[in-house]
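The block underneath contains the structure these notes are about, expressed in structure tokens.
Where a number appears in this text, it was derived from the coordinates with a stated rule and is not lab data. Small disclaimer: the values here were computed from a predicted structure and weren't measured. Heads up, the Cβs are rebuilt from the backbone with ideal geometry, glycines too, and the neighbour counts pull from every protein chain shown.
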Amino acid sequence: MTWQVDDYEITAFFALVLIFEFGERIWPARRIDRLTDIKLDILSFAFALTVNRVCNYLFRATVSSWTPPHLATVVAALQSLPSAVRILIALFMVDFVIYWIHRA
């Protein structure tokens, strides 16, 4: 079985949920009753997951239809890279864009 991008996203999401849940139990910002907040937590999770899926679908559909043919080979080459390399490239690209937004 090979993992898809969505599998990595869901795994990372649940890992972050566990990390933040652990942190909240050890160093709570305030005292809360977890049973009363569970409905809101489930609703928030469902909403976040739905918005994520819709945005991913729309973004992929838009990008694939607007990508010029001469860039399609570059996109295919980037998609064939290992996940760790793609994450590093994405971090550098985001940092580069944030830098220029700051400069502007």
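Numbers below:
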| quantity | calculated |
| --- | --- |
| Members of segment 37-72 that are surrounded by fewer than 10 Cβ atoms within 10 Å (Cβ to Cβ) and either of a type in the set (D, E, K, R) or more than 21 Å from Phe14 (Cα to Cα) (or both) | Lys39, Ser65, Trp66, Pro68, Pro69, His70 |
| Qualifying residue in segment 24-41 (condition: under 27 Å from Ala76 (Cα atoms), out of contact with any Phe, Trp or Tyr (no Cβ under 6 Å at 6 or more places or on another chain) and not hydroxyl-bearing (Ser, Thr, Tyr)) | no |
| Segment 16-61: number of residues that are β-branched (Val, Ile, Thr) and under 19 Å from the mean Cα position of the chain (by Cα) | 6 |
| Identity of the residue in segment 73-84, surrounded by 10 or more Cβ atoms within 10 Å (Cβ to Cβ) and hydrophobic (A, V, I, L, M, F, W, C), that ends up farthest from Thr2 (Cα to Cα) | Val74 |
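Okay, residues lined up against (1) free of Cβ contacts under 8 Å to residues at least 24 places away in the same chain; (2) outside any helix (DSSP H, G or I):
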| site | (1), (2) |
| --- | --- |
| Tyr8 | no, no |
| Phe20 | yes, no |
| Arg25 | yes, no |
| Ala29 | yes, yes |
| Thr36 | yes, no |
| Phe45 | yes, no |
